[in-house]
Structure formats: C-alpha cells, structure tokens
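Colleague: Take a look at this one; I'll ask things after.
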Amino acid sequence: MSESLLHDVPQSGGRLRRADYENKVMARLAAGRDLRLASFMGAGLRALRVRARGLTATGADRYGETVAWAEVAHMAGFDGLVWVSRHCNTDRAYVLFGDRVAEEDVAVDPSFARIVALSSDVDWLSDFCTPLHIGIRR
C-alpha cells in the first residue's frame, strides 16, 4: 500500500480520490520457487557500501540513480530486489524482474485479496487510511 497507492500522499495526510483506487487490486503472492533477490536493506546495503538514504530512502528526484542500481542487480542475474519501504519501515517492498520471474513462478494466495472498487474493500481501505490521516473520497 505504502509504496504504491499511498506513495504520493504527504506524510501529513491527504485524500485519495475514487480515480486513485477504483481500478486497483491487491493480492498476496507466494513464490513457487526460490527467488534470488538483491537485498537493498541491512547487510545488503553495507555490502554495497551505501546507506538507505542514498538508495532506498530517496525522493522521486533521485529515481534515475536508483534505477541504475536495479539495472546492475538485473545484469548480475538477480530475479528482483527487496528493500525496506521508505513509507512504512516495518514492511518490505519487492520488485520482480519480468524477464526473470515467469507468471508460473508466483501464485496468488487466495486467503488475501482486495478489489478496491468493491464497497467492502473501500471500507477496508478507509479503515486502513484513517489512522494515517488519509481520507477516502467515495
């Protein structure tokens, strides 16, 4: 949520318009094989001799630089990346490279899914966002 739908909402709060969420779905994925992920967190950052503020805790104005790190990871043969979410530092964010991870390598976990256009899932979204000072326009 924090690295996608809420990515551009200021930390001080804000609003999501219906157009921001009505065509979104959310699912939990389960890997069907071991994925080789470049770690842009913890000891992985130390091995790269970079701090989070120089790679994963950057603003949009530095995305060109961060893409270069992803390209290096891709060239090194990784299946994707993992890092600590800048917007929610208790969660991890993942990127899987589409030319390395096939559709059959991941499966949707049927125990968790949201179709945010559904009324019940808009209620869920509102419950999630309210403590974050984010209003939901229906």
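The values are calculated or read from the model by the stated rules, or taken from the named source; none is laboratory data. Every value quoted in this text rests on a predicted model; they were computed, and no experiment measured them. When we count neighbours, we look across all protein chains shown, and the Cβ atoms used for this are built from the backbone with ideal geometry, even at glycine.
Colleague: Provide a single number: the residues in segment 92-117 that are in a loop (DSSP other than H, G, I, E, B) and exposed (fewer than 12 other Cβ atoms within 10 Å of the Cβ).
Modeller: Qualifying residue count for the region: 3.
Colleague: Does segment 125-133 contain any residue that is assigned by TED's automatic domain parsing to the domain that holds Asp20 and not in a helix (DSSP H, G or I)?
Modeller: Yes: one or more hits.
Colleague: Taking Leu5 as meeting all but one of (1) in a strand (DSSP E or B); (2) closer than 21 Å to Ile134 by Cα, write down the number of the exception.
Modeller: The one condition Leu5 does not meet is (1).
Colleague: Identify the single condition in (1) in contact with a helix residue (DSSP H, G or I) (Cβ under 7 Å, 6 or more places away or on another chain); (2) of a type in the set (A, V, I, L, M); (3) crowded, with 16+ Cβ neighbours inside 10 Å; (4) modelled with pLDDT of 95 or more that Ala52 does not satisfy, given that it satisfies every other one.
Modeller: (4)
Colleague: What do you reckon, is Thr130 surrounded by fewer than 16 Cβ atoms within 10 Å (Cβ to Cβ), over 25 Å from Thr58 (Cα atoms) and β-branched (Val, Ile, Thr)?
Modeller: Spelling it out, Thr130 is indeed surrounded by fewer than 16 Cβ atoms within 10 Å (Cβ to Cβ), over 25 Å from Thr58 (Cα atoms) and β-branched (Val, Ile, Thr).
Colleague: Which of the residues that make up segment 29-46 are over 20 Å from Asn89 (Cβ atoms) and either surrounded by fewer than 12 Cβ atoms within 10 Å (Cβ to Cβ) or modelled with pLDDT of 95 or more (or both)?
Modeller: Ala30, Ala31, Gly32, Arg33, Asp34, Leu35, Arg36, listed by residue number.
Colleague: Counting only residues that are among the aliphatic types (A, V, I, L, M) and touching an Asp or Glu at 6+ places or on another chain (Cβ under 9 Å), which one in segment 47-74 is nearest to Asn89 (Cα to Cα)?
Modeller: Restricting to residues being among the aliphatic types (A, V, I, L, M) and touching an Asp or Glu at 6+ places or on another chain (Cβ under 9 Å), the top hit is Leu55.
Colleague: Working carefully through the options Val108, Val82, find the one that is touching a Gly at 6+ places or on another chain (Cβ under 9 Å), under 25 Å from Asp34 (Cβ atoms) and not basic (Lys, Arg).
Modeller: Just one listed residue meets the conditions, Val82.
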